[in-house]
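The values are calculated or read from the model by the stated rules, or taken from the named source; none is laboratory data. Nothing here was measured: the structure is a model prediction, and the numbers come from that model. Every residue, glycine as well, gets a Cβ built from its backbone with ideal geometry; the counts of neighbours run over all protein chains shown.
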Amino acid sequence: MSKIKIGFDIDGTVTDPGTFIPYLNQHFKKNITLDQITSYDLTGLLGITSEEFFQWMKEHEGSIYEQATIASYFQEAIKAWKEKHEFIYISARGQHLYDLTLEWFSRNNIPYHHLELIGSHNKIAAITTHQLDIFFEDKHDNACEIAEACSIPVILMDTPYNRLPVPDNVYRMENWQEALFWVNNWLKNQR
């Protein structure tokens, strides 16, 4: 079997989806939990404007990303695939975070073949350019758009903020253990 090109979003997919919560709670004097985050847009929950949120992100994203925890069981999944497949990470993080992201990958022993920080949630062009065979995402509308535009399976890592209905080739996984099992079965059929 030739190498499968596996694409990954980073934040909320490779990293724990609750990574931002302690920082949000501390700064905005809240006590929110992941279960309360039912929308990707946090401004309503925090009671702030989009401008205030983006200013906060600009000031704090680097330190948050440096300390981000890895999603449970991600390491086991990636280890199972690393000898046979190619890993391409495509993130909405801005290019100014490239070195910080590479250092985080190194510190956490995360294998990669290519890292692309596009500064936008529109990942379709990058996925097409790299001819990915499958993609992992946590943002609902991204997952749906990628699946439809690229005609590839998209694994949607389940969170309270992405539970809207999905098209047929978006597969919701509760965790990385479930994703590992599903992808291993899918890989058997790619031979």
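Checked against (1) out of contact with any helix residue (DSSP H, G or I) (no Cβ under 6 Å at 6 or more places or on another chain); (2) of a type in the set (S, T, N, Q); (3) closer than 21 Å to LYS139 by Cβ, GLN26 meets all criteria but (3). Starting from residues that are assigned to a loop (DSSP other than H, G, I, E, B) and not charged (D, E, K, R), keep the ones in segment 20-33 and report whichever is nearest to GLU66 (Cα to Cα). So, considering only residues that are assigned to a loop (DSSP other than H, G, I, E, B) and not charged (D, E, K, R), the one nearest to GLU66 (Cα to Cα) is PHE20.
Among residues of segment 1-53 being among the basic types (Lys, Arg) and under 28 Å from LYS188 (Cα atoms), the one that is modelled with the lowest pLDDT is LYS3.
Which members of segment 34-48 meet the condition of being within 19 Å of the chain's Cα centre (by Cα), part of a loop (DSSP other than H, G, I, E, B) and surrounded by fewer than 12 Cβ atoms within 10 Å (Cβ to Cβ)? If the condition is that a residue be within 19 Å of the chain's Cα centre (by Cα), part of a loop (DSSP other than H, G, I, E, B) and surrounded by fewer than 12 Cβ atoms within 10 Å (Cβ to Cβ), then ASP41 is the only one that fits. Within segment 49-76, the residues that satisfy the criterion of being hydroxyl-bearing (Ser, Thr, Tyr) and either on the phi > 0 side of the Ramachandran plot or part of a helix (DSSP H, G or I) (or both) are SER50, SER63, TYR65, TYR73. Of the residues making up segment 72-117, those that are touching a residue at least 60 places away in the same chain (Cβ under 8 Å) and within 24 Å of LYS188 (Cβ to Cβ) are TYR73, PHE74, GLU76, ALA77, ALA80, TRP81, LYS84, HIS85, GLU86, PHE87, ILE88. Among residues that are outside the structural domain of ARG172 (by TED's automatic domain parsing) and either in contact with a strand residue (DSSP E or B) (Cβ under 9 Å, 6 or more places away or on another chain) or surrounded by fewer than 16 Cβ atoms within 10 Å (Cβ to Cβ) (or both), SER63 is included.
Would you check which residues across segment 137-191 are among the small types (Gly, Ala, Ser) and surrounded by fewer than 18 Cβ atoms within 10 Å (Cβ to Cβ) and list them?
Passing the criteria: ALA149, SER151.
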